[in-house]
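Following: one structure in structure tokens, then a few remarks.
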Amino acid sequence: MSDAEGDCGTQGLPHPNRREVIAAGISLPVVAGVASGIAQPASTPAPERIPLRVTINDAPYELSLDPRTSALDMLREQLSLTGAKKGCDHGQCGACTIHVDGRRVVSCLTPALQLEGRQVVTIEGLAPSSGELHPMQQAFIDHDGLQCGYCTPGQIMSAVACVREGHAGSADQIREYMSGNLCRCGAYAGIVAAIQQAAPRMGG
Amino acid sequence: MPDGKYPSTPRVDAWDKVRGAAIYAADDARPRMLHGALAVAAVNRGQIVSLDVERARAAPGVRLVLTHQDMQGVQSAGFLLGGGFAFQSFQPMLSPAIHYRGQPIALVVADTVEAAQHAASLVAATYAVEPFQLSLDAPAQDIVAQHGSPLPQATYADKVAGDADGAYAAAAVKVDATYLSPPQHPNPLELLSTVAEWRDGTLIVKEGSQNSGAVRHGLARQLGLDPARVQVLSPQAGGAFGQKNSHQSHTVLAAVAARRLDAPVKLVVSRSQGFHGASFRPASRHRVRLGADRAGRIAAAIHEADQQTSRHDLFPASFTEMTARLYGIRNFRGHERMVRTDVQTPGYMRAPFEHPAGFAFESAMDELAYALDMDPVALRLANDTTVDPLTGRPLSSRHLAECLRRGAERFGWARRSMAPASMVERDGTAIGWGVACGAHKAAASPAAARLEAFADGRIRLAVAGHEMGQGIRTALANVLARRLSVDPRTIEIIVGDTRAADQHLTAGSWGTASATPAADAAGERLIQALRSLDPGYSGGAPAEVLRRAGRASVAVEVATKAPGQPDAVFQRLQGGLPAVQGPEFPDFVSMSYAAHFAEVRVEPRTRRVRVPRIVTVVDCGRVVSPRTAESQVRGAAIWGLGSALREISETDGRYGGFVNADLAEYVVPVHADVPEIDVGFIDEPDPRLNALGVKGLGEVAMTGVAAALANAVHHATGLRIRELPIRLDQLLAAPAARPT
């Protein structure tokens, strides 16, 4: 397994509306004060926006960001990549897990600007093509490793990384290395079974 | 006529969920979207004296700051149990009054999440504080007996059969014990989230909910709108567990802001704020007395319980509705009281009454087994019944004894030695095996369904119901696919959408038992409609019939209700009000049942408790979606484990509020905690309840799990822990089991 290459997702097709989304994301800050009838007190200047160049699901992005923006809020609110979920915003639940240069990170605790020059893969970019599933996604269906589905993107991103790290050698090892991803519905048994099914099918 | 067991089919929405393509409320991301953030009260009770929002208003990117001074004309949506729609009667931000710590005092709306959150932190308030109390040990004036209270007495009066006190006094063998269950928070992983926008005078709200009808009618009442002007879309909730079963306090704030700003407003309530802004499982204390003869026939049971409520609402308990019916105990007395505390109104967290009551009652049953020196499974089998002890009516179905027998077989119960601390590993690890049962009312509500078949092959069902992960879409697809002899994947299921069908509360394990009979009846009516086009039609793809008949589509509508319900329940359905029947029906009483067997291992020095395996066998009537049902039972076992060993919301007697209000400090089970969970179903239909024979599953599967674990801890250690969660400090009081 070549965890450095992040082979899954690097062939991912671009998000269909990516250009529109990028344009929307960039234009967001200049629309202040358009609503009618709302008093706008003299405001202090907004924080300086900082440029960011990042590759997400194999597509290059050039953005200009409020430095307070988390990677999660950037993905969700500015790029409409809403697969990564906000379950705590504190790095406690794992629902926002993405891959940065092939490693799993909780995007809610990752400042977006820290992604400068990085390769990011989200759940939207995991499958080899839009009509197909990654073996881990298929395994989650096969073993019903989900219920409400809210933690599922994070579980799957974490699971793929768990296999690539070499931490899927046994059910106990999977449980240990997946314990940063909470599932409140309690689909844990199906998730572990799914990882065991997908691990040998993920190739090198 | 379709009949028999249903096949195990994949979850119909799994394809979307594994791709991150399932859309939850907060996934609405659009260029013009504005973002809200709440500022909350820093005291537990009192009045706002001053509220300074100028710095927040002046912060970059801020569009609007709402406080109680900006909410003229907005009303309470009313309490769910008082003819209203909300989890509490109190709507924050309509006055300066503070009823609980963490109560919203201002909503900031800004261009971005970052700007809104920063500005919310700049809101400053001063308060005149008042004393408060949070304890079940409250002064007498804060304790209200349900019997004789203004609550509907048909439901909340004492549960009495025979002469329990007399029979208890005369019993040969007695147990008298008191059990504590802490406050807990449901913590669905999806944060409380609302997107509100106005289009041509119509309010459109996206919010993960179990009760989109109540959100719709609640907002209409609060804003003085015609309900026809409110649409609520809740295609899925990212978990709910009872916390999303009614209108929330934050929703109207987003709606008011969206109207003022003429733009969509997204309000995501933070995890910490969710501990204070929505309902939770209240603390409860249970005294259980059991009296039996020496052969283990239980002559009397007395179950008295106190449960926390808020100061502004009477949230009643229904503990003894279940415990009175778990066994054939002829003399029963149940008595419940509410204790006023200064919190947001508590509510229904998964198995809201059955779980705490089951922990108490089934722990007491284990204590009785030891007092009798009788096997705990044999004691339960000796007290089976076919008649409801409270009403004398027959039970529509009851396979609890079979759950116990099958569970004991799967678990290997016969190899258990009775004496506590008698099963010890070579390294000194104590092994404990425990058993407990659960029951839950089998209830049903009215449901409306619209079924449409199209010449292009699509089939679309819109029905009253909500998908919270329990798998209602899959259950509906399975039932309809069998009825129509089509592939379940060809059926589009629309739930939680007030535009498509009137929506009833999906809770209390009645969702599947209410929605699937409606879907089945709609399927039957569609077959009749297709036969009117083609008399030879006998099932299969409707598209061919439609094409031959030159029709683009055909649609049918049905409305179903529970046995014995009057037609007036359809008005309640249309009005967003709950209309639930059960467990009592005119001719019978219906309950679901479960038997749980658990193994614990208690480490000899640290006393750490690990759970290697749980076996659960459930009688939930016909299983219409085996795969999602198994997942639900596994999840319920994990909820039982969490309740037994992990979950407590710690209150702060000095400052109020819940102090461990995040997912690091409120400890829930993780992958590494989860045992092997073996699930069995009786899968016998209960045709008296509905044509499909479906009872309920999601809550009975949790009821009794905590007791099975506590009983296993007793078996391992000899320690009877009567307070949840079971923690190391309680177990360290015992001498470590000696390594052999």
Quiz item: Using θ = phi - 60° and the Karplus form 6.51 cos²θ - 1.76 cosθ + 1.60, what ³J(HN,Hα) does each residue of region A:144-152 get, whole Hz, x for Gly and Pro?
Solution: 6, x, 6, 10, 5, x, 6, 7, 4
Quiz item: Short version: ³J(HN,Hα) in whole Hz for each residue of region B:312-319, in order, from phi by Karplus 6.51 cos²θ - 1.76 cosθ + 1.60 (θ = phi - 60°), x for Gly and Pro, what are they?
Solution: 9, 9, 9, 9, x, 9, 10, 5
Exercise. Using Cα pairs closer than 8 Å and at least 6 residues apart in sequence, work out the relative contact order for chain B, in percent.
Key: 16 percent
Quiz item: How large is the dipole of region B:627-689 about the Cα centre if only Lys and Arg carry +1 and Asp and Glu carry -1, each at its Cβ, rounded to the nearest 20 debye?
Solution: 140 debye
Exercise. Please report, in Å, the Rg and the Dmax of region A:135-201, where both are computed over Cα atoms only.
Key: 10.2, 28
Quiz item: Which value at 222 nm does chain B reach when only helices count, each DSSP H run of 4 or more adding -39,500 (n - 2.57), with the total divided by all residues and rounded to the nearest 500 deg cm²/dmol?
Solution: -7500 deg cm²/dmol
Quiz item: For chain B, what does the equivalent ellipsoid look like in terms of its semi-axes, each the square root of 5 times an eigenvalue of the Cα gyration tensor, given largest first in whole Å?
Solution: 40, 35, 23
Quiz prompt | Distant-in-sequence amide H partners of B:T341 (H built 1.01 Å from N, under 5 Å) | solution = B:T309, B:S310, B:R311
Quiz item: Average partner chain C-beta neighbours within 10 Å, per residue of A:187-196?
Solution: 4
Quiz item: So if we plug the beta-carbon distance of B:Q571 and B:R605 into 1/(1 + (r/R0)^6) with R0 = 56 Å, what FRET efficiency do we get, rounded to 0.05?
Solution: 0.30
Quiz item: Of B:F275, B:A169, B:A301, whose Cα points farthest to the positive end of the dipole of chain B (charges on the beta-carbon: +1 Lys, Arg; -1 Asp, Glu; origin at the Cα centre)?
Solution: B:F275
Quiz prompt | Lys/Arg +1, Asp/Glu -1 at C-beta; region B:443-574 dipole; positive extreme among B:V495, B:F454, B:Y537 | solution = B:Y537
Quiz item: Across peptide A:63-69, how many C-beta atoms of other chains are within 10 Å of each residue C-beta, on average?
Solution: 3
Self-check item: region B:517-547-region B:279-318 distance, computed between alpha-carbon centres (Å)
Solution: 50 Å
Quiz item: Within straight cross-link reach of B:K174, meaning Cα distance under 24 Å, which lysines are found once same-chain residues fewer than 8 apart are removed?
Solution: B:K159
Quiz item: Any idea what the dipole of region B:443-574 comes to, in debye rounded to 20, about its Cα centre with Lys/Arg Cβ at +1 and Asp/Glu Cβ at -1?
Solution: 140 debye
Practice problem: In debye, nearest 20, what is the charge dipole magnitude of region A:61-198 about its Cα centre with +1 on Lys and Arg Cβ and -1 on Asp and Glu Cβ, if you could check? | Solution: 220 debye
Quiz item: In a shell of Cβ-Cβ distance under 10 Å around B:Y666, excluding B:Y666 itself, what net charge do Lys and Arg (+1) and Asp and Glu (-1) give?
Solution: -2
Quiz item: Taking one equal scatterer on every alpha-carbon of the protein assembly as shown, how large is log10 of I(q)/I(0) by Debye at q = 0.08 1/Å?
Solution: -0.75
Self-check item: Relative exposure of B:K441, B:K5, B:K561, judged by other C-beta atoms within 10 Å (fewest first)
Solution: B:K5, B:K561, B:K441
Quiz item: With Cβ to Cβ distances under 12 Å as the rule, what net charge do the other residues near A:E176 carry (K, R +1; D, E -1)?
Solution: -2
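Laboratory data are not the source of any read-out in this text; all were calculated from the coordinates shown. In this text, all values refer to a predicted model and were calculated from it rather than measured experimentally. We place every Cβ from the backbone using ideal geometry, glycine too, and count neighbours over all the protein chains shown.
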